[in-house]
Structures are given as structure tokens and as C-alpha cells.
1. Whose amide H sits under 5 Å from the amide H of residue B:378, counting only residues 5 or more places off or on another chain, with H placed in the peptide plane?
2. Rounded to whole Hz and in sequence order, give me ³J(HN,Hα) for the range B:552-567 from the Karplus expression 6.51 cos²θ - 1.76 cosθ + 1.60, θ = phi - 60°, writing x for Gly and Pro.
3. Suppose every K and R has +1 on its Cβ and every D and E has -1 on its Cβ; what is the size of the dipole of chain B about the Cα centre, in Debye to the nearest 20?
4. Once label points are set 7 Å from the Cα along Cα→Cβ at both residue B:29 and residue B:64, what is their separation, rounded to one decimal in nm?
5. Name the GluC sites (Glu not before Pro) in the range A:15-71 that are in a loop by DSSP and that have at most 13 other C-beta atoms within 10 Å, would you?
6. Hey, can you grab everything whose amide H is under 5 Å from the amide H of residue B:486? Only 5+ residues off in sequence or another chain; H modelled, so Pro and N-termini drop out.
7. Averaged over all directions, how much area does the convex hull of the C-alpha atoms of the range A:480-567 cover when projected, in nm²?
8. Cα centroids of the range B:465-501 and the range A:343-392: how far apart, whole angstrom?
Amino acid sequence: MTVQGWLLIAVFVGILLALAKPVGLWLFALYEGRRTPLHAVFGPVERSFYRLSGINPEEDQTWRRYAVHMLVFNALLILMTYGLLRAQALLPLNPQGHAALGEHLAFNTAISFGSNTNWQSYGGESTMSNLSQMLALTIHNFLSAATGIALAFALFRGFARRSAAGIGNFWADVTRITLYLLLPLCIVLTVFYIASGVPQTLAGTIDVSTLEGARQTLAIGPVASQEAIKLLGTNGGGFFNANSAHPFENPTALTNLVQMLSIFAIGVGLTYTFGKAVGNTRQGWAILAAMMALFLAGTTVTYWQEAAGNPVLHQLNAAGGNMEGKEVRFGIAASALFSVVTTAASCGAVNAMHDSFTALGGMIPLFNMQLGEVVIGGVGAGIYGFLLFAILAVFVAGLMVGRTPEYVGKKIESREVKLAVLAIAVLPLTILGMSAVASVLPAGLAGPLNKGPHGFSEILYAFTSAVANNGSAFAGLSANTPFYNGLLGVGMWIGRFFIIIPMLAVAGSLAAKKYTPATAGSFPTTGPLWTGLLIGIVLIVGGLTFLPSLALGPIADHIAMIRGQLF
Amino acid sequence: MARSDTKSLFTADLIVPAIRDAFRKLDPRELIRNPVMFTTAVVAILLTVLLIVGNDGLDAGFKVQLVLWLWLTVLFGTFAEALAEGRGKAQAASLRATKAELTARRLKGDGTRYDSVPASQLKKGDVVLVQTGDLIPADGEVVAGVASVNEAAITGESAPVIREAGGDRSAVTAGTRVISDEIRVRVSVNPGQGFLDRMIALVEGAERQKTPNEIALTLLLVGLTIIFLIAVATIPGFAAYAGGSVPVSILAALLITLIPTTIAALLSAIGIAGMDRLVRFNVLAKSGRAVEAAGDIDVLLLDKTGTITVGDRQATEFRPVSGTGVAELAEAALLASLADETPEGRSIVVLAREKVGSVMASLPEGAQVIPFTAQTRISGVDTGGRVIQKGAVQAILRANPGAGETAAATELRRITDDIARVGGTPLAVAVDGRLLGAIFLKDIVKAGIRERFGELRAMGIRTVMITGDNPLTAASIAAESGVDDFLAEATPEDKLRLIREEQQGGRLVAMCGDGTNDAPALAQADVGVAMNTGTQAAREAGNMVDLDSDPTKLIEVVGLGKQLLMTRGALTTFSVANDVAKYFAIIPAMFVALYPGLGVLNVMGLASSESAILSAIIFNALIIPCLVPLALRGVAYRPMGAGPLLARNLAIYGLGGLVAPFIGIKLIDLAVGGLGLA
């Protein structure tokens, strides 16, 4: 570990914390439906959307209505993408003449982008036409992100409203988030990426002469615009197969920092928005503190393990940290940090190959996802997932001080506990269940490239990444098979929407409740004690389930490495 | 009714039937009410069957022990519940016994003769004779006679009230005492329909239903069980990838140690014990829900008299009319009060001795006591030479028609008005019809009540004093007692309105009451504690009844409610925190055959795989009976703010729950090794 490495981490965290309030305030304006300076530009666009579609943005939807509209909207978008991908060969803007995607790959890809996962069973530049990239996929990058943030707003309203029937309007939320947040930020970021050297063109390839005088054909395309939303919307689906390790996606140290900040920016801002929504910003800071503690712990472990490197290689006189699968441009610290950021959030963009990390260094990204990506987390999904844990934490803590628990003024009763447990159980059930199936079926066993515990980690990582809607690949798994495409596709769908429905039910149930003012008898949900309790609950309820699988995967892998056996 | 003795937890007469009941409770229909223990029982059955038919290469002795401990886990759970119920039953029996102690003079047909019967045998329609000094045996209506009845326990007013046949003042309540004259009362409730009877059924556990909080907790426990079920069920798949397999017995052991058996086994015992503690405290709750609500209270409405101030007023000053000395007034008051055994009378004697230094211990020879009667409302003494009277100003003036026109009467009225204005009660004294002055009776704030209110404030509970006094008096008593707020000149309607306002603001309100006019407020309050001596209507409306009719107890009831919830929370935290150590015991034992390197996770240094698994399952089983006393007694509770309380309990039960099993499992492992069990 180096001073520069820690400095990078410190700078990253510093900027992030400084971003929380301004981003949070901007989000809060959208949450409240207030007018922003950008309304002068996009206001007419917003109104024309409503006029054309006959939507009344003032209509307050019950949680059921909100859920149905959200589901139908997302299902239709996924169907559309499936159609576009299947018909790719017949459609324009296909300069390289890519063929249409097969059934299972299109199925997997459509759900992958629709669920904000962006798991890629294909190599981007060698599979997708420009139209597919820009329309079929990028539309999800915006709308699945907007959906996530809208859902977080809905849950915030559940906490903030008193004796209310509705939790807001899905269409208004999604439209405003897209128009006033994602689109303008992406325009700025796109310009920045172009200035940094990221291509933005409709051409398919360019030919270059290499230093050795050979001619090489390089894939290019509208990369910068996709890059902007890929990270900001925690989507993670790269234009190129190498994702953010590719110099055309992530050319400089500065773009690398901006990319990591983009991943966390909205998630961090939402914690502040939550505090504003419930009328006490310290509530938001407490959540952010718990998230940052988990994040820093993970970063430390991964950086330490990667910097320590592989003892087996050390014996072969290959001193230093683990550089396998890392871009030399970024080095160990920036790669370790990026890997923790991208898995703590549900982004899944990578600037290094997680498969090549040391066992424990690679376990942290895996564990981040298994916790449900609640450490900052995906846009919207992170905070609503975390709030579900907060409900359980407050329930246990409330009992311990002898009071029916209440959180930010709402009593937490059996209905909320039931729904929160239901939502939280989805992840371990699906991840472990599907991993177990893949571990025994021949079709599943055909996937991993490595043997032993490392091969098992590859399977576990794939299902974890898909179900948690991360989308990062451990690599080392041949996933473009009917078995994996199908099962992972179903996993992504379950991991996204089976959590959302109970979560929205919690929002509806909370919104209907009266406000219960805090007294000296209600324990404070702002101090370090609460933050510590949150961390404990996330680790015990969210993490403990995965211990046996981690023992057979990365932990066994690590111990074997110490004993000089590599997989 | 005296507080029943606290029965020791483990006496043979409780343990033996509890063991019998523990087996009876294995009935699946009963067991299914507790999903976690049901799961444990299913796994135990599965392993029992596998023990007979299966062949997984494990040592048979090891498997027999495993099955044995699994069954013991289930039995410890049913035993805990049976023990709690047994204690409840013993409690109910003692309730019945005390109830039967009251006896009544039941009149026979001719209306002159009576026989003595236990109060519990009185039926609706029976007529009983109640004489001076008797407790009224049952709720009813006065059908003949007029008597003064001391209802201080209900109203807090020490002045006796008149109860007479016909009209509004005919209702009498059980437990109040006739202090003069005699009345005939027609009983208005049947045996078995009273509160006491309904409560007994509840305490015995016959009518126990899960409270909302128990339901929520059960859901959490079921959720954890399902999550761990899948965590364990997927292990064979993972192990297969590693080229090995894990025997079902070992998977079962891991599952049972991971699912929250500890709290699940003790959950219903905690609930029953909570009710039971309340009963030991002589408070009966109509439902478990009411007890939990008590822990949530934000606002306590407390009647001034009897709760904040001592029910009886104390003499603090003599105020003579001009021309009369303090000593003269004091001496007359002393004489008039020597035979007065009420607390007020005694306080007058004490004060008079202070003022005049007289050591007169008893009345002069031949003095005739004029007893207090409901008709005259005057008491006093006829020493032969002098007639000394004491009573309310109006009553004295009525008894001495000539005195009303004198200058002294005018002055006395001014004095008594002054006293009333500052919240005191005046008593006039006259000698041979000549008005001497007034005795100032003052409300005395109870000792220590200020500290109690401080504690309540720390717990986040606001106290509101309810009084019929004028705002001036109320404010002075509120300031003296340290109560947060007060409602002066309160009518029952005001009380009801206040409760509704507080509830509108999302706060839970507790109050206690007694009179019929309190019934709506008692019903509206989230926790309404009716005094046992209160009217039937009040007792119907409240959700708790205090057998001692002590309104101060409301404060303790809140503490008991909190203690119940805290016990649940503490044991849940403990149970879940235990899982970490159990993982560290079982995972290396389970996987070491697949990857020998995983042996480094055996941080406890357990002797062998078999010993590790056995030790974990033994710890998991034994922790249940070890925690039974805690479940039944409740965790220690001290009034303090929620933050420090949470920190304290997290340190004890969270951190303790993490550490304890590491030590416990290691010790058991040593024992298992020492005994050669594995």
C-alpha cells in the first residue's frame, strides 16, 4: 500500500462527502416536485410528455397503483429491447453488420438492462450495432436508473407523509428525474469524456497504424454518451467488452476518478434527500455514516490484499502487489477502489478483472453484492434496500429499550417487519438457490474456467452479480449459454422486482400511519450507536447467510494460496 | 388485598407438572404455533428416522447424541412455556383464595336475620347488610338506609361520601368501607362475571393470544429461519462442486444452531411471565396487548389526589377570628379531634400540640364524643361544660343558626375564602356556638414524587396532573411536585378531550380512573387502569384493574410493560448474535474434509469435528434452560433515556451474545472430550 494510494482514497471520499448535500438538495427539489432552474429549458418538454400520454402528474397513486404502473412500464420496455435486439440485423445504424442476437442472449440482455443490472453475456463492440447500443440499451440506462430513484422517492414519502393514501406519481417521478437530473448531468459528463479523449461518433471502426507499422482495426462508436449514464445510473454496461478498463471508455486517471464519483454521486445524495424528506438531515447522515464505514472497511481489505499480492508469486521472485488483470495505467489502489465502489453500488462497471484479484480481495466485491448492494448502492435501490434493514434494526432496538419501535416518526409494526423480511430474504434465497443448482447440473458445471474453490467463486459471483442487479462479471465463466443466460435472466428479474413490490407495500403501509413524535423514550436514530447497530444488522442479517458459500469459495481459495496452491 | 408472596422460580411443585406438560406440548397442533420450534421438531423427527434407516458413515453413538440433544432443544422450549403457565396457575389460585376472604352478611327472606357467606358466593339480586366498619362485599345498589362511606381509595377524597337508597347516590362499590350507620345493598353482579374471574382465566394462559408485537417478532424469526434454511439446504450443492458431500445429520445440526431457537423457545414464556409479573403486582390486565401498550406510553394522566398528593389533607395552620387567640383555637381543635381517627383529625392533633404545647393525651373524664354522621357532617366533643364542634363552614353555621349573623361569621367566611383560594380546605371550629376560626388543611405532595417524575421524563414520558382545583392551586401543586403539565378544574369531558388531543398528536396516553364518569376517558386511553374499588362502569372501560386501587402504580405498570418488551428484545439479540460463534464451530468441522485448510477457521481449537458439532448443538440446547430464569423474571430495568438503555443492553446482550457461545462451546467441547462422548 502506498501513500498515493491512500491519498486517492481520501480524495475520493472527501469529494463524495462534499457532493452529498448539493446532490441531495437537487434531488429533494425533484422529490417535492418543486421548480428548478432547469424547468425553463425542460419544462415544456415535461408538459408535452404529460399532454401526449394523457397523464395527470398531480394524481396521487396508492402503492398498488404505483407498483402496477412501474411494472407495466418496465415490462414493456424490456419487451421492446428484446424485439430490437432480435431484429438488429434488419435495422439501420449497424455499420459493422452485426447479426441479430439469439433468443436466450436477447432475453438475458433485455432483462439485464431493464433491471439496472447490465450483466453482459456478450462482448459489446463485437455484438451490438450502434442502434442497439443507443436505443435498445441506453434507454434502459436512463429509465431503469430513473425507476430506481423514483422508487426511493416513493419509500421516502411513506416515511414522510402522515395518514396519506398515496405515495406519489410514478410517471411524474420518472419524467422529472430523467429530465432534470440524469439528462443534464449526462450532457455535462459526455462533454467532459469527449474532452478527455473518449470517442463519440456513429462510425463503427477506424484503422490505425501501430508503432510496429502494422495496421489495426479499432472499434469505436458513440462511447462517451453511453459512458456518462453507464456510471451515473449505476448501470455498468460497457460499450466495449473490457468496460472501463478499455482506454476508449476510461482514458485517464481523471476520468477514472470521475467515473467512480459518478457511480456514488446519486446514491450519496439520496441519503441527504431522505434526511430532508423526513425533516431531519441527521437521519440521512447517520445512514451515510453506516454505509461509508462498511465501504471503507471493504476498500481497506481489498486494497491491502491486492497490495500484499500473491505469496506464491513472491517465492518465484515476482515481488510486489497483485497486478494480474489490472490496467497498469490505474495500478492497484485505483483498481481496488474501483472494484469496491462498483460492487458497493449496483454499477458493475469494472476497470480491472475481479477474477484475477486475490481471493480475499475478490471476496469483498462479492460480499458487497451479497449484502444487497446497500453500501451506497444502486441509484435508489441502495437506499431503499438499506431502509429495509433499518426497519429490522429499529425493530430489534425498539424492543431492547422497551418500546414499540418507531423510525423517523413512524411506528414499525408487524406488517412492515413482515414485508421487510420478505424483501431481504429474496436475495439469499435466489443467489444461494441458483448457485447450488448451477453447482450440480452439468450445464452449470460447464461454465467455470477454473477448478476448485476459485471455480465455485466464479459461479457464485455470477449469480450474486445478477440477482443483486450489479452486472459486474468475475469473468472466468462462460455465461453465454442457454443455461446461464436463462437462469441469470430469471435471477435478475427476481432480484429487482421481487424486492421492489414488498418495498412499495412498506411505503404504502407507512404512508397511511400517523406521525409519532420522538420522545426521550424513543432511542435516537442519529448517533454513532445507531450507526453501529445498522452495520451490525446489515452484516448479521444480510451477510451471515453467505458464510458457508464464502468459506467454500474465496476463503478456501485464500487458505490454499497461503499454502502455495493456486487455482 | 395483600401482595402475594413471590414464589421461587424452581420449586418441585412447579417443576414436576411443568415437565409433564412439556411432553404434552409436543402435540403438533400446539407446536405449530411456534414455527421455529416446529421446524426443530421436524428436524428431530427426520434425524430420528435417519438414525434407524440411514447410513451416512457417521458414528452411531455420535448420531444418537445428536438426536437426543435435538429433542432436548424442543423439550426445553415446551418446558419453559409450561413452567411459565404453571406459575400463572399458582398465581391464579392465590387470586381466587383472596377473593374468597371477603365475607358478607346475606339477609334472609324475612329481612331481619342474616347468615355470613363468602363474598364469592353472592349472586345478583342478593341483599346484604353492611354495618359500620364493614367493607362492602360486592358492587351493588343501596336499597335501604343511609350511610357515610369512605371511598378514599377511589376518589382520593378522605371526606366520606353519603350513600343512600334511591337517587343518584345509591351505587356502592366493592371494597369501600362504611364508616357510619348501616345500609342494605342489593348485589348487582353475578359471581364469575367480575373482572377478577376474567383475569384469572387470562393469567392461567387459557385465553392467551399472541400480541401484535409477538406476531411481528415471530415473523422476523420465521424469516430468519427461512433464510438459514436455504443457506443450509444449498450446502450439499456447493459441497458437491468441491467433490464431497456433507451428511444430513451435520446439516441438520447446523440448521438448528443457526435458526433462532433460543428466543423462539422462550417467547411465549416471556409473554406469560410478563402478565404474571403484573398480577404479582396486583394489577390485572385484560390482554397482553395492554401490557405492551403500557411500555409505549408517552403521556401519563395522573389524578392529583392520591397520586401526586397524599389522599388526606394535613392541617398546617390555625386561623382564628379577631378576638380569639391561636392557642385558644388550637386547644378547641385538639379537643374536637382527639377522638377523630381520620388522618386529617390526627394531623390536627399533631399541629395543635405543636402550637399550644399541650400534652393532653386523652379526653377529660366524662366527655361525650359527637361522632361524624352523614346527616350533620359535624364532629366534636361535649366535655360536659363545653360543646366543641368542627366541620365544614356551612355545616357549622347550619348547626348554630344564631352564629350566622355575627361579625365573626363574616370574618370566618373571609378567612375560609382565603384558604380556598390557595388550594387549601378550611374546617371551622365553634365552641358553644361561638365561632373561633378555621383550620387550614393543605394538600401534601407525596415524598419522592418529584424524583419519580424526573425518572419518567428521562424515559420520555410526560406527566399531566388532573385536578378539580382552580388553576392557581393546581399551578402551585404542579410546581411543587415537578409534574410537567396540569389540567385544572377538570371535568370528565375535559379529560376525554385532552386524551383525544394527545392521541391526535400520535402519542399514547395512560390514565387511571374510578368513577362512572371516568369510563369514557378510560376507554379512550391507550392504557386505562381502573381502580378495583371503582365503579363497575369504570372497570369495564379500562383495560387494566389495580386490585390495590393505588393510582401511583400506573408508573410501575409502564416499567413492567417496558421490561416485557426489553426481555424479548434482549433475548432476540442474544439469540441472533450467538450464530457467529456457531458458524465458527460448525463450518470448519463440516468442510475440513473438503478443504483441510479451512481448519484454520476452528478458532476455538475444538477437539474434533464430531466434538465441535456436538458442542454447538449442546450449547444451543442448554442455553434455553439457562435463560429461563431471565425470561421469567425479565431483564433488569432501570428508568433511563433510550440512548443509554440501548447502549447498555447492546453491550450486555449483543456483545455478550457474540462472546458467550465462544466460551460456552469451548467448555462443552472440553467436557465432551473429557467424557469421551465424541
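1. Counting only residues 5 or more places away or on other chains, the set is B:373.
2. For the range B:552-567, the Karplus-derived couplings read 4, 5, 3, 5, 5, 4, 4, x, 5, x, 5, 4, 4, 5, 5, 4 Hz, x marking Gly and Pro.
3. It comes to approximately 1080 debye.
4. Here the answer is 3.5 nm between the modelled labels.
5. On the way: sites: A:32, A:46, A:58, A:59; in loops: A:58, A:59.
Of the GluC sites (Glu not before Pro), the ones in loops of the range A:15-71 whose Cβ has at most 13 other Cβ atoms within 10 Å are A:58, A:59.
6. B:465
7. Numbers: hull surface 41.6 nm².
Spelled out: convex hull of the Cα atoms, projected over all directions, averaged, 10.4 nm².
8. Here the two parts' Cα centres lie 56 Å apart.
Read the figures in this text as sums done on the coordinates, not as results from a lab. What you are looking at is a predicted structure, and each value in this text was computed from that prediction instead of being measured. All Cβ positions, even for glycine, are placed from backbone atoms using ideal geometry, and neighbour counts span all protein chains on display.
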